[in-house]
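Report on one structure; see the data block that follows.
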Amino acid sequence: MHATREEAPSSVSSEEIARFSALADKWWDPTGPMRPLHAMNGLRIEWASRHLPLRGRKSRRPHVLDIGCGAGLASEALAKAGYDVLGLDASANGIAAAQAHLEANPLPAGSGTLHYRQGSAEELVAEHAKFDAVMALEIIEHVTDPEAFMIMLAQLVDANGTVIVSTMNRTLRSLAVGKIGAEYLLRLLPVGTHEWRKFIQPSELGRYARAAGLRMVAISGMAPGIGSWKETRDLGINYIAAFQKG
């Protein structure tokens, strides 16, 4: 039985959807509760662009799915970088905020296309949807079953397609910095945004990927810098990885 728009998709809990739905109207405030995402977004998109396909199978521009897009922070940046993007999120509030921001801030000339959809990865899999690349940025640590989620990502890309995942490593440093520091001490994130036990070690992500028929081709750490985030070899807290299917 497939999830309906009224039901919580099985890959993400209803509690997680409600938590992020409550933040939807503040998503685009660079000084608001999503400011860490604003700070790291430039690095995420620049890094991803180096590993995304140069051309799409059915068009000159690669067709990219941004799963768990929230209010569209990464989706808009990807479209501006020249990709044809579908932003998908289970939160109706998040998608409404994404569409409102896009209407108020049209994409500049030369951009790719951008569309949004409220729904789940399961729905797209059931529809046999395929993309040149799938992005899952800061979402896998919020799903109910990360191994099954990686399988769905693999099902949604064409042969030789690319999957890019960014998440947080489960280390004592990430507990101190990414959970206690960010949520309780510095108040960079709302309390309860993350559950440290659900952070995923790179070895675990690699194992999930192999089980899904994906091969890791690149991995880098991400760390806060002066004014923006920087790429690093240190995977101890935040990291981003690219996988290829087939």
Å² per residue, accessible surface of the chain at 1.4 Å
46 Å²
Using a 10 angstrom Cβ neighbour count of at most 11 plus a DSSP loop assignment to flag exposed GluC sites (Glu not before Pro), which longest range of the chain is free of such sites?
7-126
Mind checking the full-extension length gain between residue 59 and residue 211? Use 0.36 nm per residue of separation minus the Cα-Cα distance, one decimal, nm.
51.7 nm
Candidates 217, 64, 157; GNM for the chain (alpha-carbon contacts under 10 Å) flags as most fluctuating 217
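Would you check the chain for Lys pairs whose C-alpha atoms are within less than 18 Å, ignoring same-chain pairs closer than 8 in sequence, and give me the count?
Value for the chain: 4.
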Take the alpha carbon atoms of the stretch 221-242, find their center, do the same for the stretch 102-125, and report the distance between the two centers in whole angstrom.
26 Å
Please find, in a Gaussian network model of the chain (springs between Cα atoms separated by less than 10 Å), the residue of 174, 228, 59 whose mean-square fluctuation is greatest.
59
Local electrostatic count at residue 57 - Lys and Arg +1, Asp and Glu -1, tallied over other residues with Cβ under 12 Å
+2
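In deg cm²/dmol, rounded to 500, what helix-only [θ] at 222 nm does the chain give when every DSSP H run of at least 4 residues adds -39500 (n - 2.57) and the total is split over its residues?
On the way: 7 runs with 72 residues, N = 246.
Using -39500 (n - 2.57) per qualifying helix, the result is -8500 deg cm²/dmol.
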Counting only protein heavy atoms, what percent of the accessible surface of the chain is carbon or sulfur at a 1.4 Å probe?
56 percent
Pairwise over distinct Cα atoms, reciprocal of the mean inverse distance: report the Kirkwood radius of the chain in Å, one decimal place.
17.9 Å
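The values are calculated or read from the model by the stated rules, or taken from the named source; none is laboratory data. In this text the structure is predicted, and so the values were computed from the model without any measurement. Glycine also receives a Cβ, built like all others from the backbone with ideal geometry; neighbour counts cover every protein chain displayed. Areas reflect the complete protein model, heavy atoms only, side chains present, ligands, DNA and RNA absent. Shrake-Rupley method; radii C 1.70, N 1.55, O 1.52, S 1.80 Å.
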